[in-house]
Amino acid sequence: MQEFIVDDKTAKKYTRRSWIAFIVFFLMIGAAFAGWKWLVNQPLDGGIRGGIQQPLRNVLSANEKIFSGVFSKSKLVKEYPKSAAAKNVRVNGDVGLDEDFFDASSWKLQIVRSKGDTLFLTLDDIKKLPKIDVIYNFKCIEGWSQVTWWSGVRFVDVMQHYGLTNEAQMKYVGMITPDEEYYVGIDMPSALHPQTILCYEMNGKPLPMNQGYPLRLIIPVKYGVKHIKRVGTISFENEKPKDYWAERGYDYYTGH
Ligand SMILES: Nc1nc2c(c(=O)[nH]1)N[C@H]1C(S)=C(S)[C@@H](COP(=O)(O)O)O[C@H]1N2
Ligand SMILES: [Mo]
């Protein structure tokens, strides 16, 4: 039988290596323990039941901040009581609203995520999110304005609800009608503004066909041109998305 022979020198070397490994192992446990001690001794964030350690909360909050930050940063457009809202709401612009090319029963909002996969949302999906009213002075660059009452869901709530965190960090949102005839590009801060809604009601009733049934954009920080009626597809870009009226010589941002 062949014996496995280890000379004295080699044996000592292995013993020494084992010791080193053993000591390193304990040092690492010690470091992990110290890290854990540090973490549990951090001040709590003061939430209900004392909350959680601030460093942990910071990680949890990072995503939330992207969205909630828009509330503290943004200046609100003046709102009015419902009684001030026009009963006869002016209809202006019908590009992309041709009924012959639109099947309301099969409509779904398409949200193209930056990874390239698309979310398909029904109107009922959208209605599950908190509904808000926006009653403000709608302004068209042609020179008219009208106090009007719209209801729907905050665009920022849709972004947050569907976890569109990476998308919210892009520079622009592009929106386009189902027939691709009308389209707008919106800068991200304006899209995430707390008064920007995906709107499905006007004066408390479903949107009329000529006002963008089933879903339109209401974006009070912008002029009428950006309030695209009948949204089909939403996408996120770092370059300016194509914009119907910008192509025809109007200012791309048209804020007021
Ligand atoms: N699909 C579509 N959306 C559109 C337009 C249009 O021609 N097509 N016109 C825009 C313009 S210029 C204005 S002022 C508002 C008018 O909205 P209203 O018809 O509800 O008053 O819609 C905007 N959204
Ligand atoms: Mo307009």
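Only the Cβ atoms of Lys and Arg (+1) and of Asp and Glu (-1) were treated as charged; on that basis the dipole of segment 72-248 about its Cα centre amounts to roughly 840 debye. Sequence-ordered 3J(HN,Hα) estimates for segment 103-116 from the Karplus curve with 6.51, -1.76 and 1.60 and θ = phi - 60° stand at 10, 4, 5, 9, 4, 9, 6, 9, 10, 8, 6, 5, 6, x Hz, glycine and proline given as x. Within the shell defined by Cβ-Cβ distances under 14 Å, the residues around F155 carry a net charge of +2, with Lys and Arg each +1 and Asp and Glu each -1. Backbone amide hydrogens, once placed in the peptide plane, bring I228 within less than 5 Å of L217, excluding anything fewer than 5 places away on its chain. Inter-part distance, segment 187-237 to segment 146-161, computed on C-alpha centroids, equals 7 Å.
The N238 and S18 beta-carbon pair, evaluated with R₀ = 51 Å, returns a calculated FRET efficiency of approximately 0.40.
To the nearest 0.05, what FRET efficiency results for D251 and S105 with a Förster distance of 45 Å applied to their C-beta separation? Can you show the working numbers first?
Working: r = 38 Å, r/R0 = 0.83.
Here the calculated transfer efficiency is 0.75.
Largest first, the residues F101, F120, F67 sort by 1.4 Å accessible area into F101, F120, F67.
Counted by Cβ distance under 13 Å from V89, the other residues give a net charge of +4, where Lys and Arg count +1 and Asp and Glu count -1. Computed extension length for K205-K87: 41.3 nm, one decimal, from 0.36 nm per residue of separation with the Cα-Cα distance subtracted. In nm, give the distance between the simple-model label positions of D98 and L123, each being 7 Å from the Cα along the Cα-to-Cβ direction. About 2.3 nm separates the two model spin labels. Computed from Cα atoms alone, the Kirkwood hydrodynamic radius reported for segment 168-256 is 13.1 Å. Applying a threshold of 21 Å to the alpha-carbon distances of K115/K240; K75/K115; K73/K128; K37/K65; K78/K108; K75/K171 flags K75/K115; K73/K128; K37/K65; K78/K108 as lying beyond it. Non-local amide H neighbours of I141 (under 5 Å, H modeled in plane, Pro and chain starts lacking H): which ones? So I141 has HN proximity to G224, V225. Expressed as a fraction of 2.2 N^0.38 Å, the value expected for a compact globular protein of N residues, the C-alpha radius of gyration of segment 72-248 is 0.96.
Inter-label distance, S114 to M170: 0.8 nm, where each label sits 7 Å from its Cα along the C-beta direction. Nonpolar atom fraction for segment 72-248, defined as the carbon and sulfur part of the 1.4 Å probe accessible area, stands at 48 percent. Using the Cβ-Cβ distance between S68 and N41 with R0 = 25 Å, the FRET efficiency computed as 1/(1 + (r/R0)^6) comes to roughly 0.35. Amide H contacts for W149 (H built 1.01 Å from N in the peptide plane; partners 5 or more residues away or on another chain; cut-off under 5 Å): A86, N203.
Residues M170, M28, M209, M175, sorted by accessible area with the largest first, give M28, M209, M170, M175 [1.4 Å probe; ligands and nucleic acids excluded].
With a sphere of radius 15 Å drawn around the Cβ of D117, what net charge do the other residues whose Cβ falls strictly inside it have (Lys, Arg +1; Asp, Glu -1)?
Computed value for this residue: +2.
3J(HN,Hα) along segment 158-164, derived from phi through the Karplus expression 6.51 cos²θ - 1.76 cosθ + 1.60 where θ = phi - 60°, amounts to 5, 4, 5, 4, 8, x, 8 Hz, with x in place of Gly and Pro.
The values are calculated or read from the model by the stated rules, or taken from the named source; none is laboratory data. No experiment lies behind these values; they were computed from the predicted model shown. Cβ sites come from the backbone with ideal geometry, for glycine too, and all protein chains shown count toward neighbours. To get the accessible areas, we keep the full protein, side chains included, count just its heavy atoms, and leave off ligands, DNA and RNA. Shrake-Rupley method; radii C 1.70, N 1.55, O 1.52, S 1.80 Å.
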